[in-house]
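Trainee: Right, I'll just put the structure down here and ask away after.
The values are calculated or read from the model by the stated rules, or taken from the named source; none is laboratory data. Since we're looking at a predicted model, the values are computed, not measured. Cβ sites come from the backbone with ideal geometry, for glycine too, and all protein chains shown count toward neighbours. Note: accessible area is taken over every heavy atom of the protein model, side chains too, but ligands, DNA and RNA are not part of it. Shrake-Rupley method; radii C 1.70, N 1.55, O 1.52, S 1.80 Å.
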Amino acid sequence: MQKLPEGVRVRKSGLLEKRFTINGCRYSVYGRSTRQLKQREQEKRTQLLGTSRFQSKAVTTDQYFETWIEGKKLSVKPSTIRVYTSYYRPYISPIIGCIPLEQITRRHILRIQSEASSHLCPATNNILLQVVKILLNEAVEDGMIPQNPAKGIKPAKSVQKASETYHRALTPEEQKQFMNAAKGNFYYELLAFQLLTGMRLGEVGALYWSDIDLEKQLIHVRRTITRTEDGVFFIGDSPKSQAGLRDIPINAALSDLLDRQRGRQLLRKPGFRQLCFPSPTGQMISHGSVNQNIRRILSQLGSQGIHIPPFTSHALRDTFATRYIEQGGNPQTLKTILGHSSFSVTMDLYSQVLPNTKKQEMERIIIEI
């Protein structure tokens with residue numbers, strides 16, 4: 001029998017019941033499927049938000065947020081809930097949490113933005129602003145306030161493009177030096193796999209052997225490592241976005257690598273044989289452990305007089321994309337391989353490659369005049 005979601009039980013009649021609490025009051029909805037329960041719970045929450053009790057001028061931002069975040073759990077991933085709460089509670093709540101929604105002004109939002117700037121970089125501060133806008137936009141839709149006081153407030157300036165910060169690809173020489181030094185490391189095959197596919201580390205860590213289709217020579221990317229609201233990692237049901245659901249062709253280099261990895265695992269205990277790239281104990285990998293190994297390899301290179309600026313495993317995804325474009329790959333195809341939701345994301349993150357390839361592209365163009 002399929003495991004029921006938290007808060008759901010089966011009644012004697014066979015109907016499913018979902019219990020939930022809003023502002024200390026318990027409510028129940030009933031249905032014949034979990035999907036129907038979610039729909040009815042959302043309808044109930046919307047109905048309650050429309051009552052005079054919730055429209056009272058005494059309703060604070062904190063009270064609205066708690067009701068809003070519970071409703072969000074029906075439609076977004078736990079990791080997204082964690083993002084909302086991690087921005088709201090330390091940065092938003094101390095400033096407007098006790099203020100009634102109707103009394104929030106543009107000045108309050110600017111204060112949130114200003115005070116957070118001493119703790120957050122501009123890019124992160126702008127994510128905080130987006131959370132404020134999302135929350136207050138939905139308060140408008142729920143009829144709690146007539147308009148969003150955060151509307152029109154501009155993001156912080158001096159935000160570097162992702163391609164100029166942590167989205168840094170290794171140069172061909174750095175790539176060669178690093179991968180040579182990584183040979184013999186437990187995670188060598190995993191790092192090489194990222195370099196050959198451009199997959200996110202969370203997607204690689206959630207890859208099962210059943211996702212490798214040798215007959216069709218495809219890698220089916222169907223899930224990723226994600227977090228619960230409490231920060232606990234687990235393998236989720238879907239990747240970062242709908243675009244993340246994709247198939248990546250297996251070329252000769254990938255085929256050889258997968259054969260080696262399969263052979264390594266057959267020599268180990270059975271627990272290793274489900275995940276393609278488990279940890280040394282046969283469990284789900286952790287980002288921290290993989291990145292710690294990268295730092296160790298860089299340290300070894302440094303002791304040999306080879307200095308490569310620090311990077312995380314994500315740089316291997318960036319390096320794949322860079323080599324792909326440098327070697328004449330189609331950016332639109334790259335978008336689908338990387339699982340980006342829009343073409344602009346692909347070109348923004350990897351636009352640093354273009355200055356080096358423009359001259360080569362111009363050399364290939366022949367126009368009669």
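Trainee: For the stretch 37-54, what are the residues that are loosely packed, with under 15 Cβ neighbours inside 10 Å and at pLDDT below 75?
Mentor: Correct list: T46, Q47, G50, T51, S52, R53.
Trainee: Out of the stretch 62-75, which residues are open to solvent by less than 30 Å² (accessible area, probe 1.4 Å), free of Cβ contacts under 8 Å to residues at least 60 places away in the same chain and either in contact with a Leu (Cβ under 8 Å, 6 or more places away or on another chain) or small (G, A, S) (or both)?
Mentor: Across the stretch 62-75, the qualifying residues are T67, G71.
A quick yes/no check of all residues on (1) modelled with pLDDT of 70 or more; (2) more than 30 Å from S79 (Cα to Cα):
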residue: R246; (1), (2): yes, no
residue: D256; (1), (2): yes, yes
residue: D259; (1), (2): yes, yes
residue: Q265; (1), (2): yes, yes
residue: R268; (1), (2): no, yes
residue: S279; (1), (2): yes, no
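Trainee: When residues of the stretch 134-176 are filtered for being at pLDDT 90 or above and surrounded by 16 or more Cβ atoms within 10 Å (Cβ to Cβ), how many remain?
Mentor: Residues meeting the conditions: 8.
Trainee: Being crowded, with 18+ Cβ neighbours inside 10 Å and of a type outside the set (A, V, I, L, M) is the filter here, so list the residues in the stretch 178-188 that pass it.
Mentor: Residues satisfying the conditions are F178, Y187, Y188.
Trainee: Sticking with this one: When you go through (1) at pLDDT 85 or above; (2) over 30 Å from R223 (Cα atoms); (3) open to solvent by less than 50 Å² (accessible area, probe 1.4 Å) one by one for N126, which number turns out not to apply?
Mentor: Failing condition for N126: (2).
Trainee: Still on this structure, please answer the following. Identify, by number, the condition in (1) assigned to a loop (DSSP other than H, G, I, E, B); (2) under 20 Å from the mean Cα position of the chain (by Cα) that L170 doesn't meet.
Mentor: Unmet for L170, out of (1) assigned to a loop (DSSP other than H, G, I, E, B); (2) under 20 Å from the mean Cα position of the chain (by Cα): (2).
Trainee: So, one more: Only helices (runs of 4 or more DSSP H) wholly contained in the stretch 242-330 count here; list those with 2 or more residues that are of a type in the set (G, A, S) and under 15 Å from E189 (Cα atoms).
Mentor: Once the helices (runs of 4 or more DSSP H) in the stretch 242-330 are filtered for at least 2 residues that are of a type in the set (G, A, S) and under 15 Å from E189 (Cα atoms), what remains is 252-266.
Trainee: Looking at the structure I just gave you, is T281 open to solvent by 60 Å² or more (accessible area, probe 1.4 Å), free of Cβ contacts under 8 Å to residues at least 40 places away in the same chain and closer than 29 Å to S210 by Cβ?
Mentor: Considered against the rule, which asks whether it is open to solvent by 60 Å² or more (accessible area, probe 1.4 Å), free of Cβ contacts under 8 Å to residues at least 40 places away in the same chain and closer than 29 Å to S210 by Cβ, T281 comes out as yes.
Trainee: Can we say R317 is at pLDDT below 90 and of a type in the set (K, R)?
Mentor: Judged against the criteria, R317 is not a match.
Trainee: Still on this structure, I have one more. Return the residue satisfying two criteria in turn: it lies in the stretch 90-122 and is in contact (Cβ under 8 Å) with a residue 40 or more places away in the chain, of a type in the set (A, V, I, L, M) and part of a helix (DSSP H, G or I), and of such residues it is most open to solvent (accessible area, probe 1.4 Å).
Mentor: Here the answer is L110.
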